[in-house]
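Beneath this line is the structure, given in structure tokens, with notes to follow.
The values are calculated or read from the model by the stated rules, or taken from the named source; none is laboratory data. Please read all numbers here as calculations on a predicted model, not as lab measurements. Because the Cβ atoms are built from the backbone with ideal geometry, glycine has one as well, and the counts that use them run over all protein chains shown. Surface areas here come from the heavy atoms of the whole protein model, side chains and all, with no ligands, DNA or RNA. Shrake-Rupley method; radii C 1.70, N 1.55, O 1.52, S 1.80 Å.
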Amino acid sequence: MPTKSKSNKKTSGLSLLGKTTVVESPKLTKSAETASTKANEESEVTTSPALAISSESSLPLSSEQTKKAIAALIKHIEKKAAEEAAATTDSDKPGSKKRKLNLLSDDPSNPEESEKQALYLVIGSKKYLSDKPVMKPQRITVPHPIYNLDTTSICLITKDPQRMYKDILLDDENSPVKDRIARIVGISKLKTKFKTFEAKRQLRDDHDLFLADDRVVTMMPELLGKTFISVKKMPVPISILNPAAASALETAVKVSKARASKKRTAQTSPEEEFARERAAISSKRVNAEITRTLNSAMVFVPAGNSTTIKVGYSTFSVDDLAENVEAVIGGLVSKNIVKGGWDGIRSIHVKTKDSISLPIFLTEKLT
């Protein structure tokens, strides 16, 4: 059934997305299957991706179907970019209206960025993914990095004292991350300097990716709030300490607390705790965590049966985007983010921010 719009202008803008099939019933009758087959055969000459419906939810995703949907989205983006370029030329003429900025691009002030838009994977599950929202994003490694390894601006949130982490990670000439981390913010400064909504928004917009020491990541929802949550920029938890040193530090803290409960004078001094913490910080560990994060897609698990995941940009090739899609879906199943694996997936779509969702998988089995 052709997708209808309220205006001819909107229809022309999405015409390259083609037609989509709407499933009105969980079970297709024989006549409906015949009609659907005929409709698909007639649409082979168009750019429309045929809707892949599986009668067995355990079947793997159709790679061909995924590529067709992605190709249609990229054509749509290219057409929109061409229209914006034409509008820019026309705006130079006397009496013409000034072209509006493309707020959906990575850099709204740069018209050349209008061709680069994020592509998202929309997963619909049969059951709730979680009883309550999970603020800590999960990482799924993808074959083609979503983040640029050289230009991504990273902000790291750490425990106090902030100065200690800066000395080791940024000021040490031998640190492998001194050129990879743009800013380090301690908890106390996050509570004071970035207390207002405007300050939080400025911090959010100044950096592409936020990381947080896994020992303080549970504090992030309260300290950063909806300013970060609404755009899915909550910090990714990473381990800052060397595993062996971290284990020794944890043991020392427990011993110190046990001694303090029996005899106050036996408690470890702040200087000793500071020295142990400093010795446990590993710039190599942080570097490995950054590399892993930059090569991953971030999954935010909501209290619902649908989640949206960025899988790449329109500047990627169709094959690369398709491989990222398959890797993310595989990760959702293997990590049991979607309960029941393939049997728990109800639908899979791909889209951009301003396009309709194109289905690449639907299952007839709804329970």
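Please work out how much length the chain gains when fully extended from Ala199 to Ser230, using 0.36 nm per residue of separation minus the C-alpha to C-alpha distance, in nm with one decimal.
Net length gain for the segment: 9.6 nm.
Need the full-extension length gain, Lys79 to Asp206, defined as separation in residues times 0.36 nm minus the C-alpha distance. One decimal, nm.
The Lys79-Asp206 span can extend by a further 42.7 nm.
In what order, largest first, do Lys339, Lys353 sit by accessible area if the probe radius is 1.4 Å?
Most to least solvent-accessible, the answer reads Lys353, Lys339.
Quick check: from the Cα gyration tensor, does segment 129-199 come out rounded (a/c under 1.5), prolate or oblate? Numbers along the way, then the final one.
Working: a/c = 2.04, a/b = 1.11, b/c = 1.83.
Note, shape of segment 129-199 comes out oblate.
Could you tell me the center-to-center distance, by alpha carbons, between segment 198-248 and segment 298-367 in angstrom?
25
Between Ala87 and Ser63, what is the spin-label point distance in nm, taking each point 7 Å from the Cα along the Cα→C-beta axis?
According to this spin-label approximation, the distance is 3.8 nm.
Under a point spin-label approximation (7 Å from Cα along Cα-to-Cβ), what is the Ser239-Ala71 distance to one decimal in nm?
4.4
To the nearest 10 square angstrom, what accessible area does Glu64 show with a 1.4 Å probe?
120
Can you work out the Karplus-derived ³J(HN,Hα) for every residue in segment 134-143? Use 6.51 cos²θ - 1.76 cosθ + 1.60 with θ = phi - 60°, whole Hz, and x for glycine or proline.
Calculated HN-Hα couplings, in order: 9, 6, 8, x, 9, 9, 10, 5, 10, x Hz.
By accessible area of protein heavy atoms, probe 1.4 Å, what ranking do Tyr313, Tyr165 get, highest first? Don't skip to the answer; put the middle values down first.
On the way: Tyr313 25, Tyr165 0 Å².
My answer, sorted largest first, is Tyr313, Tyr165.
Rounded, prolate or oblate: which one fits segment 265-336, using the alpha carbon gyration tensor with axes a ≥ b ≥ c (rounded when a/c is under 1.5, else prolate when a/b beats b/c, else oblate)?
Details: a/c = 4.22, a/b = 2.31, b/c = 1.82.
Here segment 265-336 falls in the prolate category.
Can you pull the one-decimal nm distance between simple spin-label points at Glu273 and Thr308, each 7 Å off the Cα toward Cβ?
In this crude spin-label approximation the distance works out to 4.3 nm.
First measure r as the distance between the Cβ atoms of Lys335 and Ala288, then evaluate 1/(1 + (r/R0)^6) with R0 = 22 Å and state the FRET efficiency to the nearest 0.05.
Values: r = 20 Å, r/R0 = 0.90.
E(calc), rounded to 0.05, equals 0.65.
Sort Thr291, Thr307, Thr218 by heavy-atom solvent-accessible area, probe 1.4 angstrom, most to least. Numbers along the way, then the final one.
Numbers: Thr291 55, Thr307 10, Thr218 105 Å².
From most exposed to least exposed: Thr218, Thr291, Thr307.
Can you list the trypsin sites (Lys or Arg not before Pro) in segment 121-169 that are in a DSSP coil and have 12 or fewer other beta carbons within 10 angstrom?
Details: sites: Lys126, Lys127, Arg139, Lys159, Arg163, Lys166; in loops: Lys126, Lys127, Lys159.
Answer by residue number: Lys127.
Looking at this model, which pairs from Lys136/Lys351; Lys232/Lys365; Lys195/Lys226; Lys195/Lys284 are more than 20 angstrom apart at the alpha-carbon?
Those over the limit are Lys136/Lys351; Lys232/Lys365; Lys195/Lys284.
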